[in-house]
1. Which condition number does residue 426 fail, the rest of (1) within 13 Å of ligand 1 (Cβ to nearest atom); (2) in contact (Cβ under 8 Å) with a residue 60 or more places away in the chain; (3) part of a helix (DSSP H, G or I); (4) not hydroxyl-bearing (Ser, Thr, Tyr) being met?
2. From the list 342, 352, which residue is outside the structural domain of residue 251 (by TED's automatic domain parsing) and farther than 16 Å from residue 427 by Cβ?
3. In the range 275-283, is there at least one residue being in contact with a Phe, Trp or Tyr (Cβ under 9 Å, 6 or more places away or on another chain) and not acidic (Asp, Glu)?
4. Looking at the structure I just gave you, is residue 94 assigned to a helix (DSSP H, G or I), at pLDDT 90 or above and over 26 Å from residue 184 (Cα atoms)?
5. Which of the residues spanning the range 79-90 are of a type in the set (Val, Ile, Thr) and at pLDDT below 90?
6. Being within 23 Å of residue 269 (Cα to Cα), loosely packed, with under 13 Cβ neighbours inside 10 Å and either assigned by TED's automatic domain parsing to the domain that holds residue 269 or touching a residue at least 24 places away in the same chain (Cβ under 8 Å) (or both) narrows it down to one residue among 460, 466; which is it?
7. Could you look through the range 229-249, keep only residues that are surrounded by 13 or more Cβ atoms within 10 Å (Cβ to Cβ) and under 13 Å from the mean Cα position of the chain (by Cα), and pick out the one that is nearest to residue 286 (Cα to Cα)?
Amino acid sequence: MTNFAQFFASTAAAVVQLGTDAAAIARLDDDDLLAAQALLMAHREQSDTFIAWIVGEITKRSQRDTGYAGLAQRKGFGSPEALIQSVSQATRAEAARYVQLGTLMSDAAAPASASPTPTDPHDQASHTTTSQAPPWQVAIAGALSDTALSLNTAEAIRRGLGDVSPDVSEIALVAACEQLIAEASTLTVDQLLRRARVMRDALDEHGIAHREQERRDGRYLKRWIRPDGMYQGTFLLDPENGREVFSALDNIIAPRRGGPRFIDKAGRARAEVLIADPRTDAQLLADAFVEMIRLAVLADPGTLFGSRLPAVRVVVTEQTLCHAGGHGFIEGDDQSVSRETIDRHVCNAGMIGIKFDDTGQCVNVGRAHRLFTERQRIALGVRDGGCMFGDCSRPPSYCEAHHIDQWHRDHGSTNVADGILLCRHHHMLAHNNNWQIMRKHSRYWLKPPRSEDPNQTLRPLSSKSPIMRESQR
Ligand SMILES: [Zn+2]
Ligand SMILES: [Zn+2]
C-alpha cells in the first residue's frame, strides 16, 4: 500500500508554495497553473483511493453476518452506503462505488485462508487466488492499492470487462486486465472503458448476444404529469433502437450543427430558415417530437393507435365562447387553457355544441360545425403547398387550417377562400402574438403586431406549392 501520509504531506507543501488565495493563483504563469491543476487532480485521485480503503473497512465491519452488531446497523443505518451518505455529501451512486471498490480492495488484501475460492473447471490458475473476487478483479484492486489506477480508471476497467460469460478463461481475463492497467495512464476514462469493452467482446464473442439481449431488456419509456401541469418523460433505449431515434432527431437540427451541406438551392434555403428560427435546439426537438407523434397518428390505419384516433379536445362553455376573454379546459386535464388556445382549436378543428339542462343532464349533442371537410383540406394542401407563414417549409401534412375570420365574427359557412394552412408553431404565433392573416380577393397578407413592426406593413403571403407558382407565372 502506498504511503498516503507522505503523498498528502508533499501536496500540502506544494500548495503552500503556490499560495492559497485568488491573487496568488492569478500570478501563476501558464505552466505553473497547469502543473498545479495536475497536482491537485492527482491529490483528489489519491484521496478517492484512500476513502475507498476506509469505506472497504467500514463495509467489512457492517457485514450482514455481524447482524445488529454491524457498524452501520449500530449507527442506525440499513447499509454501509446509507451510513457513508449520512457523513458526507456523496450521492447514492458515489457511495455505492466506494463500497464496491473498497470491498474489492479489502477482499484482495485478505489472507489466503479467509475465504475459499470457487473452483473454475476451465482454469487451473483460479486455485491460487486468495479471495472471493475473481482473479482479474483482484488485479484491479492491487493496481488501485499501488495507485497505478485511480478510482475512476479502476471502475472503467471493471465495468468494461464485467459481465463476461462464466466459461471465459481467467488467465486470459487477467492478461487483458493487466494490459488495460498498463494503458490506463495514456487513455481518458471513456477511452479506457471503450477499450475494455472491445477486449471483452474479443475474449467472449458468444457472450455478445446475451449482453445485447440484456441491454434490450433494460429499455423503457416512462411518463408522468408533474404537479405544475407539465408533461414529462424519460426513456432508455438499446443501441440499435437508440441510434434510429437519435438519427431522426439529429437530422432535424443538423443544419444548426454545421452539416450536412446542401448542394441544392431548396435544401440550403431550408437550412437557413432553421438557423434563423428563434427557438432553441431543445424547443425545436420537443416540437418535432410532437409533430412526429401527430404524423404517425395520421398515418396509422387504425392498428398501433387503435380505431379511435387520439385527439386533444378543449371544453368550454357557450357563455365563454360568446364573449371575449375567459378560459377553457383540455379534456382529461384540470389545467385551464387561455382564450387564444380555445380560438386556435375552434379555428382548426371546429366544434360540437352539447346542451345540458338545469340538472346537468345532457339533452342535445349538436353537429360538428365550422370545420373544413376532407375535400376542402385537400384543396388547401394543393393551393398552399404547406405552411404559408414567411419562409416556413412545413408540408401540408404538418399543418393546421387557420380560418381568417374570427369564429365569433363569422357565423357563415366554411369557405376554402377563408382558410390558409399554418404549421402548429406559426398557428400559435398567429393566435397568441397577434400576427394577423388577411385576405384581399384571392391574395393573402400577413399583418405583423406593433411590437414587431410599428408601421404594421402588410407582407404578402405566397403559396409554397410549385404547381400553383408555375400556373400563376
Ligand atoms: Zn387559426
Ligand atoms: Zn410554419
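The values are calculated or read from the model by the stated rules, or taken from the named source; none is laboratory data. In this text, all values refer to a predicted model and were calculated from it rather than measured experimentally. Cβ sites come from the backbone with ideal geometry, for glycine too, and all protein chains shown count toward neighbours.
1. (2)
2. Step by step, each of 342, 352 is checked, and only 352 is outside the structural domain of residue 251 (by TED's automatic domain parsing) and farther than 16 Å from residue 427 by Cβ.
3. No; the residues of the range 275-283 include none that is in contact with a Phe, Trp or Tyr (Cβ under 9 Å, 6 or more places away or on another chain) and not acidic (Asp, Glu).
4. When the stated conditions are applied, residue 94 does not pass them.
5. The one that is of a type in the set (Val, Ile, Thr) and at pLDDT below 90: 87.
6. 466
7. Going through the qualifying residues, I end up with 249.
Results for (1) closer than 17 Å to residue 394 by Cβ; (2) under 22 Å from the mean Cα position of the chain (by Cα), shown as yes or no for each residue.
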| site | (1), (2) |
| --- | --- |
| 253 | yes, yes |
| 257 | no, yes |
| 270 | yes, no |
| 278 | yes, yes |
